[in-house]
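The structure appears right after this line, and notes come after that.
The values are calculated or read from the model by the stated rules, or taken from the named source; none is laboratory data. Quick caveat, the model's predicted, so the values are computed rather than measured. Every residue, glycine among them, receives a Cβ derived from its backbone with ideal geometry; neighbour counts consider all protein chains shown. The protein model used for the area step is the full one, side chains on, heavy atoms only, and it has no ligands, DNA or RNA in it. Shrake-Rupley method; radii C 1.70, N 1.55, O 1.52, S 1.80 Å.
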Amino acid sequence: MPETSSVVYNNKRKLWVPLPLHGFVVAVAVAVLLLCFAPINVSAAARQQSPPLQLLQKLRFGRTGEFKILQVADMHYADGKTTPCLNVLPSQVHGCSDLNTSAFIQRMIQAGKPNLIVFTGDNIFGFEAKDSAKSLNAAFAPAIAAGIPWAAVLGNHDQQGTLSREGVMKHIVGLKHTLSQFNPSEAHIIDGFGNYNLEVGGVEGSGFANKSVLNLYFLDSGDYSTVPSIPGYGWIKPSQQLWFQRTSAKLQSAYMRPAMAKKSFAPGLVYFHIPLPEFASFDASNFTGVRQEGISSASINSGFFTTMVEAGDVKAVFTGHDHLNDFCGQMTGIQLCYAGGFGYHAYGKVGWSRRARVVVASLEKTDEGGWGAVKSIKTWKRLDDGHLTAIDEQVLWSKNLIPKV
């Protein structure tokens, strides 16, 4: 979450629709409370003795030929029921808390049944979390309770409580059902915490069952600059970009072996918190969604966008940070997408619903009638209103479309 935007919208109140949710929020309160104190954190010793979860639980496309990802950006979770909502009408303040954020996640899980949930940073608001570990447990509790695989990266506020940035990521990787990783084992020197990739396999029994047909990259975009002469937010460092380049090249090489009739690489999606400077390249004429605040990127350009273009497999990037922006715009063949603000303890805008981004990758049918490679990736957003209204559906990438440059 940008600091400046928090100040600008702190005195505003967002219209909060209670829906028929009072009982639902109470149920969420009980569930979150139980999960906060349940032994959902795996000890360090247990993690060392057990194989990584990603080896136990492989992501893959199901028999429907689709893989659905739910993006949750900027929950800003603090202390649960006692943490008030920001930017709701005065008449709606009573009873509105972090539990409304938890209820929204639960509704999205029940309605959309995602295959993976990705939390893109500022998962907790460290300044106002009395115990960061308990706040993290509560923030991720709906995903844990649902038993759905989930992954997370860090934002610029996660470490501002009782855990360091390193400590926050170590806690996350010990939670149940997470595929998050502290850092890649093959990278001995890398900046940040929470740089890793996940592979999504093809349909079981198909010719792509042992291939990663969709590659997911997660990076730590930092919090704030540590260079005195460079003000503002952090950025993706050269060591992280080198890891990304090597990982992308390795995955592309594995996908193309043995020499099959594959004419292109498996598509890649990238998730991190702070938007790149290139997000400022769009206006209302060339994006889908809205831009209602400035682009709060780092004050320097580290070149990661160019790195992704050169890699050749990335089709879309997904970030958070600027809660009032939810657009997708295409630049040099890569879609740059915001999710829009999700959490009720994060700043918002009166009359503008909290929202989540959904991404669905679909496979093509082979000549034999089975499932093949990924043919398209589409997205839309769902609003936290009475109907979880879907808006702004669009195709992010298709094998049959030539990308705009």
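A few notes on this one:
- Members of region 347-405 found to be part of a loop (DSSP other than H, G, I, E, B), more than 18 Å from Met75 (Cβ to Cβ) and modelled with pLDDT of 95 or more, listed by number: His387, Thr389
- Verdict on Gly207 being crowded, with 24+ Cβ neighbours inside 10 Å and either without any contact (Cβ under 8 Å) to a residue 40 or more places away in the chain or not in a helix (DSSP H, G or I) (or both): no
- Test: residue in region 285-302 that is assigned to a helix (DSSP H, G or I), touching a strand residue (DSSP E or B) at 6+ places or on another chain (Cβ under 8 Å), among the hydroxyl-bearing types (Ser, Thr, Tyr) and farther than 18 Å from Asp74 by Cβ: no
- Filter result for Gly174 (more than 16 Å from the chain's Cα centre (by Cα) and free of Cβ contacts under 8 Å to residues at least 40 places away in the same chain): no
- Wholly enclosed helices (runs of 4 or more DSSP H) of region 49-167 bearing at least 1 residues open to solvent by less than 60 Å² (accessible area, probe 1.4 Å) and aromatic (Phe, Trp, Tyr): 98-112, 132-146
- Filtered residues of region 304-332 (kept if open to solvent by less than 20 Å² (accessible area, probe 1.4 Å) and either among the charged types (D, E, K, R) or part of a loop (DSSP other than H, G, I, E, B) (or both)): Asp313, Gly320, His321, Asp322, His323, Leu324, Asp326, Phe327
- If the condition is being open to solvent by 50 Å² or more (accessible area, probe 1.4 Å) and part of a loop (DSSP other than H, G, I, E, B), then region 274-284 contributes Asp283, Ala284.
- For region 190-204, the count of residues that are closer than 24 Å to Ala298 by Cα, at pLDDT 95 or above, in contact with a strand residue (DSSP E or B) (Cβ under 8 Å, 6 or more places away or on another chain) and open to solvent by 10 Å² or more (accessible area, probe 1.4 Å) is nonzero.
- Taken as a whole, the structure places Gln71 among residues that are over 13 Å from His345 (Cβ atoms), polar (S, T, N, Q) and in contact (Cβ under 8 Å) with a residue 40 or more places away in the chain.
- Unique match (being farther than 24 Å from Ile117 by Cβ, of a type in the set (Val, Ile, Thr) and at pLDDT 95 or above) among Ile274, Ile300: Ile300
- Condition check for Phe182: modelled with pLDDT under 95, over 23 Å from Phe67 (Cα atoms) and open to solvent by 10 Å² or more (accessible area, probe 1.4 Å): no
- Any pair with Cβ under 7 angstrom, 6 or more apart, that starts in region 116-136 at a residue that is touching a residue at least 40 places away in the same chain (Cβ under 8 Å) and on the phi > 0 side of the Ramachandran plot and ends at one that is of a type outside the set (Lys, Arg) and not in a loop (DSSP other than H, G, I, E, B): Gly121/Val153
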